[in-house]
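Just below is one structure, and these are the notes that go with it.
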Amino acid sequence: MTRAASVERHTLETRIHVTLDLDAAVEGELSTGHGFLDHMLEQLRRHGRLGLSVAAQGDLHIEVHHLAEDTGITLGQALSRALGERAGIERYGSAFVPMDETLAHVVVDLSGRAHLAFEPESLDVWGSAGGFSHYHLREFLRGLCNHAGVTVHVRLLAGREAHHVIEAVFKAFARALRDAVRITGQGTPSTKGVL
């Protein structure tokens with residue numbers, strides 16, 4: 001069974017192409033026009049052990065918001081397609097990741113239900129990294145959750161500097177996702193019999 005998908009999304013604000021393979025950690029293009037977002041997608045690919053390629057263009061002359069959100073949406077659509085019926089997967093994943101003074105905890109449930117609980121939104125996270133702030137991180141994850149049908153809880157246990165917070169969250173999300181997509185062969189991981 002191939003757990004891979006390729007999705008294109010074209011709007012008046014962005015043009016995005018994502019290729020995702022859950023089982024082959026192959027290198028691919030990561031080019032969004034925004035250096036820090038490319039760096040975070042590399043964290044997702046490396047720590048999630050994913051085959052991931054993202055080619056994107058966005059209205060960066062306005063701001064990074066549309067690019068972040070639409071990249072999350074497109075990646076979420078690819079994840080949903082790659083997971084298929086979600087039978088035989090672990091379903092849940094959890095990871096803590098430190099980065100210097102920062103400690104992030106992310107929990108993932110590939111339930112088929114979209115929900116994002118994002119604690120850094122209520123905290124005093126300082127600044128941005130290349131114009132990419134924790135608000136853009138939230139929009140990326142919200143788009144991904146809504147279009148992949150996943151539940152993600154993000155907790156920030158320590159840290160305030162934006163670069164470290166965002167990078168620790170991406171790494172923790174990648175590691176939690178890696179565990180959640182793992183094939184167990186144990187049928188559907190729900191007492192309902194479906195996800």
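The values are calculated or read from the model by the stated rules, or taken from the named source; none is laboratory data. For clarity, every value in this text was computed on a predicted model and none was experimentally measured. Reconstructed Cβ throughout: ideal geometry from the backbone, glycine too, with neighbour counts over all protein chains shown. Heads up: the accessible areas ignore ligands, DNA and RNA and are worked out on the full protein's heavy atoms, side chains in. Shrake-Rupley method; radii C 1.70, N 1.55, O 1.52, S 1.80 Å.
So is His136 in contact (Cβ under 8 Å) with a residue 12 or more places away in the chain, farther than 24 Å from Asp21 by Cα, touching a strand residue (DSSP E or B) at 6+ places or on another chain (Cβ under 9 Å) and assigned to a helix (DSSP H, G or I) or not? Criteria not met by His136. Against the numbered list (1) open to solvent by less than 10 Å² (accessible area, probe 1.4 Å); (2) in contact with a Gly (Cβ under 8 Å, 6 or more places away or on another chain), Gly187 comes up short only at (1). Restricting attention to the stretch 32-67, the residues that are open to solvent by less than 10 Å² (accessible area, probe 1.4 Å), in a helix (DSSP H, G or I) and either in contact with a strand residue (DSSP E or B) (Cβ under 7 Å, 6 or more places away or on another chain) or not aliphatic (A, V, I, L, M) (or both) add up to 5.
Within the stretch 93-129, being open to solvent by 70 Å² or more (accessible area, probe 1.4 Å) and in contact (Cβ under 8 Å) with a residue 40 or more places away in the chain holds for Phe96, Pro98, Asp100, Glu101. Applying the condition of being outside any helix (DSSP H, G or I) and at pLDDT 95 or above to the stretch 158-182 and asking which residue is most open to solvent (accessible area, probe 1.4 Å) yields Arg182.
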